[in-house]
1. What distance in nm separates the simple spin-label points at Glu56 and Leu159, each placed 7 Å from Cα in the Cβ direction?
2. How big is the dipole moment of region 85-213 about its Cα centre under a simple scheme where the beta carbon of each Lys and Arg is +1, that of each Asp and Glu is -1, and everything else is neutral? Debye, nearest 20, please.
3. Taking neighbour Cβ counts within 10 Å as the exposure measure, how do Lys181, Lys13 sort from fewest upward?
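The numbers here are math on the coordinates, done by the rules we state, and not lab data. What you see is a predicted model; the values in this text were computed from it and never measured. When we count neighbours, we look across all protein chains shown, and the Cβ atoms used for this are built from the backbone with ideal geometry, even at glycine.
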Amino acid sequence: MALKRRRLSQRRKALGYSQERLAQLLGVERSTVVRWENAETDPQPWHRARIAAALEVTLEQFDDMLVDVSVAGHRGQDMGDNAQSPTSATQQELLSGLRTFLANYLPSPAGPCPTLADARRAVGRVHTLYQRASYTSSARLLPDVLNQTTALAGSTTGLHRSSAFRLLAAAYLAASKLAAKVGDGDTALLTADRASTAARLADDRALAALAGVWI
């Protein structure tokens, strides 16, 4: 399955940069730019500010470009998230990252624990992508968001503990909806159950009831 960050490559072309020229501006190899645009690798955090500046976009806009991944079609064409049925084999493969995350009940944080504000933005982005039917992008972002919210819920105490578990419940709810859309009932049930558990820990009855709909 070939992937493409279409918006990222389009922005580069709109500024008149070849892949080689952009690589020169950033001090990296052309192959590195190719891998970024083909969604084979993600830019390291210390590169992101420089890339955003070179592309004349904000960091938030650049992050949106990174998660907006489409399936590359035949003859170099790109297909958006809606070009294929979400129940196709290709879309099923996109849940592999989510399934890997779920296989580890208490996954280790991939980086520093996010703030509540950062986690809230990340969870909101996943739900927004789902609502836009951008299932590919939502699936790609979900494992990292779940990792962040799990770490946040596990480390937050005091007044913010309920907020942290509420975000964790919302992240699992997004995963459940996506799994149901793709047709993976087992994953949808598991993530809905975890959403319900997190909502109860947050003492949020409304969110727990919403998660219960998917169980």
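1. The answer from the label model is 4.4 nm.
2. In debye, rounded to 20, region 85-213 gives about 300.
3. Working: Lys181 17, Lys13 12.
If I rank by nearby Cβ atoms, fewest first, I get Lys13, Lys181.
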